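Heads up: the structure comes next, in C-alpha cells.
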Amino acid sequence: MKFGKDLVSQMVQEWQAAYIDYKHLKKQLKNISKSRQQNSGSRGGFLERTLSLYRSFSGLTGRDNHMTKSEDEVILANRVQPESSADDQFYQTMFLKSSEDDGERESHFFKILDVEFNKVLRFYKEKVKEVTVQAEELSKQMDTLIALRIMVYKPSMRQHGNHQEIESSDVARDCRDPANRGHEEDSSMNVVQELGTSSESASEDEPKGADRDQHNTHLDHVKINIESNSPLSTLRRVIKRTKRSDLTFRIEELRLVEEKLRRVFVEYYQQLGLLKRYRLLNMLAFSKIMKKYDKITSRAASKTYLLIIDNSDLGGSNEVDKLMGRVESTFVKYFSSGNRRKGVKLLRPRNKVERHRTTFTLGILTGCSVALVVSVIVTIHARGLIQHEGGEQYMNNMFPLYSLFVFIFLHMFMYGINTYLWRRFRVNYPFIFGLKSGTELGFREIFLLASALSVLTLAAVLSNLDMEMDPRTQRYQTLTELVPAGLVMVLLLITFCPFNIIYRSSRFFLIRCTWHCLLAPFYKVTFSDFFLADQLTSQVQAFRSVQFYICYYGWGDFKRRSNQCLESKVYEIFFIVVAIIPFWSRVLQCLRRMFEEKDLMQGLNSLKYFSTVAALIIRTIYDFRKGTFWKIVAASSSGVTTIFNTYWDIVMDWGLLRKKARNPWLRDKLLISNKAVYFVAMIVNILLRLVWMQLVLDFDEAPFLHRRVMITLVACLEILRRGIWNFFRLENEHFDNVEKYRAIKLSSLPFYYDDQKCL
C-alpha cells in the first residue's frame with residue numbers, strides 16, 4: 001500500500017483537516033519533476049556532464065570545508081518570533097537556489113510545506129496543552145479520591161453535625177500539614193507526582209509528602225456529581241435543581257466515584273493514544289515528502305528540514321509519551337490492584353478482529369436462505385395455495401404474524417449496508433454511537449444475524465405450509481399455529497440471553513437504548529438513544545404486528561385460525577397507542593434536550609414529531625371509520641406533516657440545500673464525490689415520504705395485491721427510506737465532529753470543588 005493511502009487509513013478522521021496535506025505536496029513535487037524533465041530535455045545531457053568536471057572536489061576521505069558546505073546548502077529554515085506576543089512562533093524556510101531553473105516552483109513548494117508544518121505544529125501544541133490541563137485536573141480528582149478512601153475505610157472516624165472528622169492525628173491534618181499524613185495516604189498521594197507535568201525537573205528521590213499543598217483538597221469544600229442516569233435520579237435533580245451534592249462517605253458512593261474515574265482514565269488514555277498517533281504519522285509524512293523531494297531534485301535538503309522538525313515541539317517533545325506512562329502506572333496501581341496486565345488491557349482499546357468463520361457462516365446461511373425462498377415459492381405454486389379456499393383465512397391470520405420478521409430482517413439488512421458504507425467512507429460510527437471499542441458489529445456480523453433470522457423465518461413458513469397441507473400432519477394443527485409464536489420466543493430468548501454468546505455487548509446496548517427510549521424523558525438523551533427512537537418510528541407496522549400476536553394468541557381462536565381483533569374497541573384504541581409510542585418518545589426526548597441544552601431547534605423538532613402523532617391518529621381513525629370528512633382531514637394533516645418532515649430530513653438532519661455552500665445546494669463537505677447521489681437521495685426521500693397516500697387515497701386496496709401484502713409493502717418502503725436517511729444523517733454528524741475536532745469525549749468528573757483552597 002502506498003504511504004498516501006496508508007496515511008488516510010490510519011489518521012484520526014475527526015482531525016483530518018489538521019494533518020499534513022500529503023496529497024497536495026505530492027502534486028507539487030510532480031509539477032517540479034515534469035518541469036525538470038522538460039528543461040533537461042531542452043538543455044541536453046552533454047552540457048551538464050561538462051559542467052560537472054569543474055565542480056569542487058571534496059576529498060576521498062569525505063572532508064568538508066566551509067566553502068563546499070555553503071555551496072551545497074539548499075534551504076535555510078529558522079524559527080520566527082512574531083511581533084505580537086500573543087501569537088505563536090512559526091517556522092519559515094528560505095530556498096537558496098531560486099535563481100536556478102524551476103527555482104520558483106521549488107520555492108513555492110517550501111512555502112506550502114511551511115504552511116503545513118506550522119498548521120500541524122500549532123494543532124499539536126494546542127492538544128498537548130489540553131491534555132496537560134486535563135492531567136492536572138485528574139491529579140486533583142485522584143487526590144480527592146484517596147482522601148475519600150481514607151475517610152471511608154478508616155475505622156477511627158466519628159461524625160459531628162454535618163462534618164466528618166478523623167480522630168487519628170496523622171490523617172486529620174491533611175490541609176495544614178501534608179507531611180504528617182499516615183503511610184497509606186502518603187503513598188496514595190503520589191498520584192499527583194505521577195500525573196503532574198510540572199514535576200519533570202523534580203528529583204526522583206524527593207520525599208513523597210513534601211511541598212504538595214497546591215494539590216490537596218479539603219473534603220469539606222468538595223461536591224460530588226455521581227448521580228446515576230436513572231428516572232429516580234432525574235426526578236431528584238429536578239426537585240433539588242442541582243446536579244451536585246455533599247459527600248456522604250458511604251462505600252456505595254466511593255464505588256461510584258471509582259467507577260466514574262476509571263472510565264475517565266480510560267477515555268483520557270485513548271485521547272493520548274490518538275495524539276501520539278497523530279504526531280508519529282505527521283512526522284513520518286514529512287520525512288517521506290522530503291525524501292521524495294531529494295530524489296526528484298537530486299538535492300540534499302531533507303536532512304536540514306527534518307532537523308528543524310526534530311528540534312520543534314512536534315519532534316522534540318515527548319510529553320504525551322510521559323503522560324501515557326504515568327497514566328498506565330496510576331491506573332495499574334489504583335484501579336487494578338497492581339495487576340499490570342489487567343490494567344493495561346482495560347486502558348488500551350481493542351481492535352476489531354475480522355474472523356473468517358463469520359464470512360464462511362454468512363455464505364452458508366445466505367445459500368440456505370435462497371434455497372428456502374425457492375422452496376416456499378415452489379410449494380405455493382405446486383399446491384395451488386393462492387387459489388386455495390383457505391387462502392384468504394391464511395392472509396388475514398398467518399401473514400401478519402410472519403410479516404413481523406420481514407420488517408426486522410429488512411431493517412437489519414439496511415443497517416448492514418449502512419455499516420459497510422460508513423466503514424468504506426471512514427465514518428467513525430462506533431464513536432458517534434458510543435459503542436465500546438472492539439465490540440461494535442461490522443457489516444459481516446449484521447448480515448450474519450439477518451441471514452440467520454431469514455433462515456429461521458423461511459423454515460418456519462415452509463414447515464407451516466407442509467403441516468397445513470399434508471393430510472398426514474393434520475392432527476398437529478395446534479402445533480402448526482404455534483410455529484410463529486415459537487419463533488418469537490426464540491428471538492426473545494436470544495435477545496435477553498445473559499450469557500456471553502451471540503454478541504452480548506451489542507444486544508445489551510440495544511436493550512439499554514430501547515429502555516431509555518421507552519422511559520423518555522427520564523434518561524439523559526444521547527445520540528444512540530434518539531437515533532434508535534428514529535428507527536422505531538419507521539417500525540410502526542412491526543409494533544402493530546406485535547399487538548396482533550398478543551390479540552391472536554391471547555383472545556383469538558388460533559386453533560381454528562380465526563380472530564375478532566378488529567371488531568374490538570379496545571384493540572382499535574391500542575392500535576393507535578402502539579403506533580404513536582415511538583413518535584411520542586421522540587417528542588419527550590426533544591423537549592428534554594431543549595431544556596437541558598437550551599436549544600430552541602429541539603423545540604421545533606418536538607413540534608414536528610407531535611404533528612406526525614396527530615396525522616397518524618387521524619389516518620388510523622379514517623382507516624376504521626372511512627367517510628369523506630375523515631378523508632379530507634387525514635389528507636390535510638398528512639400533507640402538512642409530510643412537508644415538515646421532508647424539510648427537516650434534508651435541511652436539518654442531512655445538512656443539505658445550502659445555497660452558498662462550496663457544493664451549491666448541498667454542503668461544504670461531502671463523502672461521496674458524485675454529487676448526483678445526493679440529489680437522487682433527496683428525491684427518493686420525498687417520494688418515499690408520500691407513502692401515507694396509500695391509506696388516504698385507498699391504494700391499499702389494489703386489485704392485483706392483497707390488502708395485507710400492500711400494507712407490508714408500504715411498511716417496507718418506509719424502512720428502506722429510513723436506511724437511506726441513516727447514511728446521510730451519520731455523514732452530517734461525522735462532519736460536525738470533524739469541524740469541531742471531536743475525536744473523543746471525556747465523561748464528567750465526579751468531584752466538583754467549591755473552593756480551590758483549603759480553609
ask   = What FRET efficiency would be calculated for the residue pair Asp294, Arg79, taking the C-beta separation as r and a Förster radius of 22 Å, to the nearest 0.05?
value = 0.45
request  = With a 10 Å radius around each residue's Cβ, average the other Cβ atoms per peptide and rank 23-35, 486-498, highest first.
outcome  = 23-35, 486-498
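Taking neighbour Cβ counts within 10 Å as the exposure measure, how do Thr646, Thr641, Thr628 sort from fewest upward?
Result, fewest neighbours first: Thr628, Thr646, Thr641.
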request  = Determine the gain in length on full extension of the stretch Glu259-Asn396; use 0.36 nm per residue of separation and subtract their C-alpha separation, reporting nm with one decimal.
outcome  = 44.0 nm
task = Post the alpha-carbon centroid distance, the stretch 435-451 to the stretch 623-642, in whole angstrom.
result = 41
request  = Give, rounded to the nearest 20 debye, the magnitude of the charge dipole that the stretch 356-739 has about its Cα centre when Lys and Arg contribute +1 at Cβ and Asp and Glu contribute -1 at Cβ.
outcome  = 780
query = Arg355 versus Ile511, label points 7 Å from Cα toward the beta carbon: distance in nm?
reply = 2.0
remark   = Taking 666-676, 133-143 and ranking on average Cβ neighbours within 10 Å, highest first, one gets 133-143, 666-676
task = Rank these for me by crowding, Phe728, Phe644, going from fewest to most other beta carbons within 10 Å.
result = Phe644, Phe728
query = To the nearest 20 debye, what charge dipole does the stretch 346-430 have about its Cα centre, counting +1 at the Cβ of each Lys and Arg and -1 at the Cβ of each Asp and Glu?
reply = 920
message = Using a Förster radius of 35 Å, what is the FRET efficiency between Ser107 and Leu284 based on their Cβ-Cβ separation? Nearest 0.05, please.
response = 0.90
request  = Measure out, as a whole number of angstrom, how far apart the alpha-carbon centroids of the stretch 345-419 and the stretch 490-518 sit.
outcome  = 20
ask   = Around Leu749, with a cut-off of 10 angstrom between Cβ atoms, what is the net charge of the other residues, counting Lys and Arg +1 and Asp and Glu -1?
value = +1
inquiry  = If the reach is capped at under 23 angstrom between alpha carbons, list the lysines near Lys524, excluding any in the same chain fewer than eight residues apart.
reply    = Lys223, Lys240, Lys243, Lys260, Lys436, Lys598, Lys608, Lys740, Lys745
task = Measure off 7 Å from each Cα along the Cα-to-Cβ vector at Thr304 and Gln38, then give the distance between these two points in nanometres to one decimal.
result = 2.7
request  = Convert each backbone phi in the stretch 573-582 into a coupling constant with the Karplus relation 6.51 cos²θ - 1.76 cosθ + 1.60 (shift: θ = phi - 60°), then list the ³J(HN,Hα) values in order as whole Hz, x for Gly and Pro.
outcome  = 5, 5, 4, 7, 4, 4, 6, 8, 4, x
request  = Please give, to one decimal in nm, the separation of the simple spin-label points placed at Ile377 and Tyr553, each 7 Å out from Cα toward the Cβ.
outcome  = 3.0
task = Evaluate the charge dipole of the stretch 570-670 about its Cα centre and quote only its size in Debye, nearest 20, assuming +1 on the Cβ of each Lys and Arg and -1 on the Cβ of each Asp and Glu.
result = 400
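Hey, can you rank 732-742, 558-568 by average C-beta count inside 10 Å, highest first?
Details: 732-742: 16.1, 558-568: 14.5.
Highest-to-lowest ranking by the protection proxy: 732-742, 558-568.
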remark   = Averaged over all viewing directions, the convex hull of the alpha carbons in the stretch 356-739 casts a projected area in nm² of 21.5
note = Ranked on Cβ counts within 10 Å of their own Cβ, fewest leading, Glu100, Glu718 go Glu100, Glu718
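We did not get these values from a lab; they are worked out from the coordinates using the rules stated. Bear in mind that the values here come from a model prediction, so they are computed numbers and not experimental data. Here Cβ is always computed from backbone atoms with ideal geometry, including for glycine, and neighbour counts include all displayed protein chains.
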